[in-house]
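Report on the structure given below.
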Amino acid sequence: GQQVMQIPQYQHVQEGEDFTTYCNSSTTLSNIQWYKQRPGGHPVFLIQLVKSGEVKKQKRLTFQFGEAKKNSSLHITATQTTDVGTYFCAGRARGGSNYKLTFGKGTLLTVNP
Amino acid sequence: NAGVMQNPRHLVRRRGQEARLRCSPMKGHSHVYWYRQLPEEGLKFMVYLQKENIIDESGMPKERFSAEFPKEGPSILRIQQVVRGDSAAYFCASSPAGEINQPQHFGDGTRLSIL
């Protein structure tokens with residue numbers, strides 16, 4: 001079945017440093033979504049990427065979708081303590097049912113003030 | 001504009017008991033998804049339901065687990081004869097009907113602990 005891998009599993013940075021998490025799918029995706037989960041909280045939708053090579057920005061967050069639609073990345077510029085949490089990517093397989101999301105294991109980001 | 005409501009937030013059961021987890025989707029949403037999350041793991045899809053229909057239960061164990069989404073009332077995830085390995089956070093998410101590629105809105109989850 002479809003697998004979604006995320007690296008790194010953990011990342012600890014100093015406040016102000018940049019952070020990137022990478023997501024790779026074993027199959028071509030129709031779209032990919034990113035979620036953030038604070039410790040003890042629930043996943044919160046951040047963004048969805050649909051087009052090959054798409055890049056979207058939300059303030060200090062930049063999301064990319066690979067040309068082959070099999071990988072994606074999330075980059076945070078100048079991290080802040082409020083960025084702490086686990087970032088998950090979730091992909092929908094191309095040609096599959098339009099509802100089923102396969103989540104990566106997430107990257108836990110901690111920020112040292 | 002209430003979000004996805006899950007209860008209870010925490011549930012403690014002894015081995016062999018039954019656990020019932022409830023989920024009320026966001027207003028206007030008729031698609032419900034259940035996920036299980038183990039510590040330091042991603043979310044594992046369990047089941048997808050629409051009102052009165054199970055659309056996909058491929059991620060749900062064949063035994064002891066069942067789910068329903070009746071015409072009236074919340075969706076229920078039921079675990080019979082719980083075992084220690086059932087301890088996890090169970091999240092429910094909902095999305096609008098007829099909308100493809102929509103984000104899923106998650107509830108706060110139910111943390112299930114088995115003694």
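A few comments on the model shown:
- Matching residues in segment A:20-35 - criterion: being more than 9 Å from every other protein chain (Cβ to nearest Cβ), open to solvent by less than 30 Å² (accessible area, probe 1.4 Å) and within 11 Å of A:Tyr87 (Cα to Cα): A:Thr21, A:Cys23, A:Trp34
- Screening A:Leu74, A:Leu46 for residues that are within 11 Å of another protein chain (Cβ to nearest Cβ), within 10 Å of the chain's Cα centre (by Cα), of a type in the set (A, V, I, L, M, F, W, C) and in a strand (DSSP E or B) leaves exactly one candidate, A:Leu46.
- Just one of the listed residues (B:Val47, B:Val82) is of a type in the set (A, V, I, L, M, F, W, C) and within 14 Å of chain A (Cβ to nearest Cβ), namely B:Val47.
- Within segment B:1-43, being charged (D, E, K, R), more than 18 Å from A:Gly104 (Cα to Cα) and assigned to a loop (DSSP other than H, G, I, E, B) holds for B:Arg9, B:Arg14, B:Arg15, B:Glu18, B:Lys27.
- A:Lys69 within 14 Å of chain B (Cβ to nearest Cβ), at positive phi and in a loop (DSSP other than H, G, I, E, B): yes
- Failed condition for A:Pro39, given (1) farther than 20 Å from A:Gln11 by Cβ; (2) at pLDDT below 95; (3) not β-branched (Val, Ile, Thr): (1)
- In summary, strands (runs of 3 or more DSSP E) completely within segment B:44-115 and bearing 1 or more residues that are modelled with pLDDT of 95 or more and open to solvent by less than 20 Å² (accessible area, probe 1.4 Å) occur at B:65-68, B:75-79, B:88-96, B:110-114.
- Residue within segment A:49-56 that is closer than 25 Å to B:Glu40 by Cβ, touching a strand residue (DSSP E or B) at 6+ places or on another chain (Cβ under 6 Å) and surrounded by 18 or more Cβ atoms within 10 Å (Cβ to Cβ) present: no
- Residue tally, condition over 11 Å from B:Gln80 (Cα atoms) and touching a strand residue (DSSP E or B) at 6+ places or on another chain (Cβ under 7 Å), over segment B:15-29: 8
- Selection status of A:Pro39, open to solvent by 10 Å² or more (accessible area, probe 1.4 Å), out of contact with any strand residue (DSSP E or B) (no Cβ under 6 Å at 6 or more places or on another chain), away from chain B (no Cβ under 14 Å) and not small (Gly, Ala, Ser): no
- Of the residues in segment A:83-90, none is free of Cβ contacts under 8 Å to residues at least 24 places away in the same chain, on the phi < 0 side of the Ramachandran plot and part of a loop (DSSP other than H, G, I, E, B).
- Residues of segment A:57-75 satisfying the condition of being among the small types (Gly, Ala, Ser) and surrounded by 15 or more Cβ atoms within 10 Å (Cβ to Cβ): A:Gly66, A:Ser72, A:Ser73
The values are calculated or read from the model by the stated rules, or taken from the named source; none is laboratory data. What you see is a predicted model; the values in this text were computed from it and never measured. Cβ atoms come from the backbone with ideal geometry, glycine included; neighbour counts cover every protein chain shown. Keep in mind that these areas ignore ligands, DNA and RNA; they rest on the heavy atoms of the full protein, side chains included. Shrake-Rupley method; radii C 1.70, N 1.55, O 1.52, S 1.80 Å.
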